[in-house]
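Asks: My questions all concern the structure below.
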Amino acid sequence: MMTRSQQGRTSRLTRPSIAIAAAVAVTAGVVAAAPDAKTAAAGPKLSLIAASKSVTLDSWKDDPGVYLDLGTYLTSENGAFEFKVTRKSYKDPVVASQIIRDGKKTQTKALPAGLVKDFAGLPDFLQISVVDAAGKQVLKKTESFCPNNASGRVRPDAPANSKYPQSCPVNPFTLGSVWGVENGWAANTYAGYYSEPVQLAVGTYTAKVSVTKKYRDLFGIENKPQSVKVVVREQSWEEEGEEGGGSGGGASASAADAAAGSRAAAKSASKSAHGAHAGHGAAAESAQDAHAGHGTAAAPAPSGHAGHGAPARTEAPAAATSGAGATYNVGHGPYPPAPPALPWALKKQAAEKQGGKGAFGAQGSSAARIGDRAGQTDGSRQAPGVRPNAKRPTGKATVPDVPKPDLRSLPAYGITVSDGYEDVPGKDYLAFSANVWNAGPAKLVVDGFRSPGKELMDAYQYFYDAKGKQVGYTPTGTMEWDPRPGHEHWHFTDFASYRLLKADKKETVRSGKEAFCLANTDAVDYTVKNANWHPDNTDLSTACGQENSISVREVLDVGSGDTYTQDLPGQSFDITGLPNGTYYIQVLANPENQLKETDYSNNSALRKVVLGGKKGARTVKVPAHHLVDAN
């Protein structure tokens, strides 16, 4: 994790690590004294529960370390546990407020200044201690809690679906977020890929989990720690391959165990230095059976996807989920996807049906019932592709006076130096991630229509009135099929442009990346007007059509953005012959103004970089962008 003390750190990208996770570090204020429990009495009743009295966790021979998915959940009764988290600009700190709804009345309660430092959740929410069989404490740590974690209902009369987003944003330039545990629901306290593994030898332990005092006081949570028996066992990839499916284990196997059937594929895919297109393989057939990591689900695509790569490492022994939600950036950038995590009630139900064999036994008979559908949310959603209009538009094209999208660029991040690999030896490149998002108040809808026998689709932008009725359209360029392995989808042309500017902010190098498959990969600001907390098209396999498609619809919803990682020659900037010094990476949305927007003045974002080193060993320093120190 980058800290302010690492500002301007020199970094170089090597072949095995083409995608490096970036993290946010903003200045933290002093945490104000929390109100006592009486003051915090207004609002939902919160409880920490454990799904089971015991869990079985795996430590892998070639990748030792245990991920503490202990099956603990935070329940919310008598109302939802809701937050609005924002920052005015990158010069301002993150501010969080609890939203308390009582019928038609809404109360806003600001959290202590400096308590919440980013958009990833409530920091140091849980305290976890682990003792071995002899009673010796071997681990003590705190963990953050994202209220949007994989969750499920805890009582049958609770709302069938949660209105809150499926995860907490990790994009360093997020501007606003909404967190919440729905009334009558429970959210998994496990931090998933964003929690570091711990070293525990094979054996039996007891874990004690509790909500830290500052949050108990702040939200009126009863001091009721949960104890969970932990059995650590050793596994190997070879054994996993021989078993050919999910691992067995106790009656409440961890969410990481649920992914055993496709771990090997995920690990193999993660080694692709060209950005494996994890979780978006062609085998992903439907929303119910395509979530990689559950039983016999689809394996990640084997080949690299330039510009939409998953990280070149697998931080947890769980396969990538397919379309866990826009905020997890699945398959589009340097961040790891969310691991599969199951509602505690579903774990219990599956275990009971297995008759003690574990929720994910060798037969995987319960795995087919695991997924994201009506009344059940486990974070493994793969959004179905939205359907384009049946026919290309006819009649006169018009641009009516109705709400339109507002495309904005975020500053570049994930900035590193790479070589040209065997493809272009002797070259130096500046790689980066870039995001263009839609601030609304209307979503961007682009349909492509193919004339029989033609290679290009004609693209049209559509407009809607306040009731959602289509009231106009206009031609807006073309879509082209990208046949390269790992791409294999339709790209909308001229959506964005990337340029490297000299210190005087005049262009010196331009990226060859000009065509894009639009997908809602990141929740940039879910507090803007008309933001959609559950956007469609959250991954490429559902958003961008197939080679034989006659038409395709690509959407960038309000509040969401689309991250591309420019990490290959032709996309990243060739800096081989550039002198050392200060430059700016420009991310420019809608460069030709072909798309109709509410505001064209905010389409450009700049990020300062300082190049150094010498040919074959170039370096880059990335100063903080105001309070955001993420390279």
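Asks: Among the numbered criteria (1) modelled with pLDDT of 90 or more; (2) under 17 Å from Leu444 (Cβ atoms); (3) open to solvent by 50 Å² or more (accessible area, probe 1.4 Å), which one does Gly577 miss?
Replies: (2)
Asks: Of the numbered conditions (1) open to solvent by less than 10 Å² (accessible area, probe 1.4 Å); (2) in a strand (DSSP E or B); (3) within 22 Å of Ser497 (Cβ to Cβ), Asp447 satisfies every one except a single condition; which is it?
Replies: For Asp447, the failing item is (3).
Asks: Among the residues of the stretch 63-87, which ones are in a strand (DSSP E or B) and hydroxyl-bearing (Ser, Thr, Tyr)?
Replies: Scanning the stretch 63-87 gives Thr72, Tyr73, Thr75, Ser76, Thr86.
Asks: Would the stretch 89-112 turn up any residue that is buried (at least 16 other Cβ atoms within 10 Å of the Cβ), over 22 Å from Asn223 (Cβ atoms), among the polar types (S, T, N, Q) and modelled with pLDDT of 95 or more?
Replies: Among the residues of the stretch 89-112, at least one is buried (at least 16 other Cβ atoms within 10 Å of the Cβ), over 22 Å from Asn223 (Cβ atoms), among the polar types (S, T, N, Q) and modelled with pLDDT of 95 or more, which makes the answer yes.
Asks: Ok, one more. For the stretch 47-72, name all the residues that are surrounded by 19 or more Cβ atoms within 10 Å (Cβ to Cβ), among the aliphatic types (A, V, I, L, M) and under 20 Å from Pro147 (Cβ atoms).
Replies: Hits for the stretch 47-72 are Leu48, Ala50, Ala51, Leu68, Leu70.
Asks: Please enumerate the residues belonging to the stretch 92-113 that are outside any strand (DSSP E or B) and either among the hydroxyl-bearing types (Ser, Thr, Tyr) or more than 24 Å from the chain's Cα centre (by Cα) (or both).
Replies: Gly103, Lys104, Leu111, Pro112, Ala113
Asks: In addition: Restricting to the stretch 142-153, count the residues that are open to solvent by 40 Å² or more (accessible area, probe 1.4 Å) and not small (Gly, Ala, Ser).
Replies: Looking only at that region, the number is 2.
Asks: Wholly within the stretch 520-631, which strands (runs of 3 or more DSSP E) include no fewer than the required count, namely at least 3 residues that are within 21 Å of the chain's Cα centre (by Cα) and under 20 Å from Arg408 (Cβ atoms)?
Replies: On the way: elements: 551-556, 560-566, 581-589, 604-614, 617-621.
Once the strands (runs of 3 or more DSSP E) in the stretch 520-631 are filtered for at least 3 residues that are within 21 Å of the chain's Cα centre (by Cα) and under 20 Å from Arg408 (Cβ atoms), what remains is 551-556, 560-566.
Asks: Tell me which residues, restricted to the stretch 114-141, are open to solvent by 20 Å² or more (accessible area, probe 1.4 Å), out of contact with any Lys or Arg (no Cβ under 9 Å at 6 or more places or on another chain) and of a type in the set (Val, Ile, Thr).
Replies: Across the stretch 114-141, the qualifying residue is only Val138.
Asks: Follow-up question, since we're still on this one. Out of (1) under 23 Å from the mean Cα position of the chain (by Cα); (2) of a type outside the set (D, E, K, R); (3) at pLDDT 95 or above; (4) at positive phi, the odd one out for Gly71 is which?
Replies: With respect to (1) under 23 Å from the mean Cα position of the chain (by Cα); (2) of a type outside the set (D, E, K, R); (3) at pLDDT 95 or above; (4) at positive phi, Gly71 is out only on (3).
Asks: Tally the residues that are under 17 Å from Leu556 (Cβ atoms), of a type outside the set (A, V, I, L, M, F, W, C) and part of a strand (DSSP E or B), restricting the search to the stretch 471-496.
Replies: 7
The values are calculated or read from the model by the stated rules, or taken from the named source; none is laboratory data. Because the structure is a prediction, the values reported are computed rather than measured. So basically every Cβ, Gly included, is an ideal-geometry build from the backbone, and we count neighbours across all protein chains shown. The protein model used for the area step is the full one, side chains on, heavy atoms only, and it has no ligands, DNA or RNA in it. Shrake-Rupley method; radii C 1.70, N 1.55, O 1.52, S 1.80 Å.
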